[in-house]
Amino acid sequence: PATERYLSVNNIEVIYDHVILVLKGVSLEVPKGRIVALLGANGAGKSTTLKAISNLLGAERGDVTKGSIEFAGTRIDRLTPAELVRRGVIQVMEGRHCFGHLTIEENLLTGAFTRNGTRRQLADKLDKVYTYFPRLKQRRASQAGYTSGGEQQMCAIGRALMAEPEMILLDEPSMGLAPQIVEEIFEIVRDLNQKEGVSFLLAEQNTMVALRYAHFGYILESGRVVMEGDAETLRNNEDVKEFYLGLS
Ligand code: ATP
């Protein structure tokens with residue numbers, strides 16, 4: 001059912017460098033099969049929340065000092081990023097992080113490293129990625145570093161798809177991209193959600209676009225959730241329009 005508890009972040013606190021309190025008790029839910037947007041201005045704590053879930057804060061001297069994180073009924077807050085990937089929780093980092101010197105196809109193949117499979121299964125997975133991202137198929141032999149920003153974002157999501165995700169944590173997919181490319185990427189996200197059943201937690205500064213594709217949204221301000229609701233409700237909320245859409 002749509003309301004099943006799936007990814008559940010319970011009152012987490014995150015501190016960087018032992019002193020900088022950045023998340024001050026954040027709670028959120030992503031029900032199975034849903035797209036949930038995590039919104040807010042630059043510095044509100046969106047990336048930090050995603051990295052707390054995927055246990056990537058260590059590299060930045062960040063610690064989850066309070067709260068818990070569950071996925072599909074079990075605690076995941078002590079799992080390594082590799083273990084999380086095996087459970088189907090995959091983060092696509094902000095700034096994309098494709099390997100610039102590898103081809104698009106080689107990048108995609110690196111996404112499958114945690115799943116054993118025959119050559120045939122690997123080829124089938126690649127084919128599936130290419131049906132969602134026809135542009136990547138065209139550019140399969142190009143070095144990723146020489147492809148466009150939009151293609152690199154697609155490559156990063158395609159690579160996540162190769163690992164057979166249940167849940168993708170997608171950080172700022174619209175960053176630096178032209179509006180029509182952003183729409184193209186969000187259309188694919190919606191498609192993956194509807195056809196493959198992948199759930200998404202989507203951090204976005206682009207509130208307007210995110211709320212057109214998400215089912216539900218949370219708004220973060222200075223490390224706290226200040227508002228939450230159905231995407232439709234948030235889109236029509238006067239405060240959201242004024243503060244986040246610039247449409248007062
Ligand atoms: P952005 O869109 O810029 O990524 P965000 O909402 O994702 O914004 P975060 O990147 O999570 O925000 O940052 C939240 C706060 O934590 C900011 O004030 C930022 O300066 C601070 N911060 C982020 N990373 C670190 C770090 N490694 N050490 C100290 N402070 C940090």
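Bear in mind that the values in this text are calculations on the coordinates, not laboratory data. What you are looking at is a predicted structure, and each value in this text was computed from that prediction instead of being measured. Note that we place each Cβ from the backbone using ideal geometry, even for glycine, and neighbour counts take in every protein chain shown.
Per-residue 3J(HN,Hα) values for segment 137-151, derived from phi via the Karplus relation 6.51 cos²θ - 1.76 cosθ + 1.60 with θ = phi - 60°, read 5, 4, 9, 4, 9, 7, 5, 4, x, 9, 8, 6, x, x, 5 Hz in sequence order (x marks Gly and Pro). Contact order for segment 22-133, expressed relative to its length and based on alpha carbon pairs under 8 Å spaced 6+ residues apart, stands at 18 percent. Of all lysines in the structure, the ones whose alpha carbon falls short of 20 Å from that of K195, not counting any fewer than 8 places away in one chain, are K32, K125, K128, K137. Okay, which of segment 173-197 sit inside 19 Å, backbone N to the point 7 Å along the Cα-Cβ direction of Q138? Backbone N within reach: 177-189. Taking G158, G45, G25 in turn, the Gaussian network model of the chain (Cα-Cα springs below 10 Å) assigns the largest fluctuation to G25. Only lysines eight or more places from K51 in sequence, or on another chain, were considered; those with a Cα closer than 19 Å are K24, K66. Given R0 = 22 Å, the distance between the Cβ atoms of D77 and N42 translates into a calculated FRET efficiency of 0.25.
Once C-alpha pairs closer than 8 Å and six or more residues apart are averaged by separation and normalised to the residue number of segment 113-248, the relative contact order reads 17 percent. Model label points for D239 and R120, set 7 angstrom from Cα along the Cα-to-Cβ axis, are 5.8 nm apart. When the chain is treated as a GNM with alpha-carbon contacts under 10 Å, the residue of E151, E204, E232 showing the greatest mean-square fluctuation is E232. For the chain, the calculated P(r) over all alpha carbon pairs, in 5 Å bins from 0 to the bin holding the longest distance, is 1, 6, 14, 18, 20, 17, 13, 7, 3, 1, 0, 0 percent.
Distance between the 7 Å Cα→Cβ label points at D230 and A59: 3.9 nm.
Largest mean-square fluctuation among V225, V19, V182, in a Gaussian network model of the chain whose springs join Cα atoms under 10 Å apart, belongs to V19. Take the Cα of S148, step 7 Å toward its Cβ, do the same at E70, and the gap between the two points is 4.4 nm.
How large is the helix-only mean residue ellipticity at 222 nm for the chain, computed as the sum of -39500 (n - 2.57) over DSSP H runs with n ≥ 4, divided by its residue count, in deg cm²/dmol to the nearest 500?
-10500 deg cm²/dmol
Note: relative contact order over the chain, using C-alpha pairs below 8 Å and six or more positions apart, is 26 percent.
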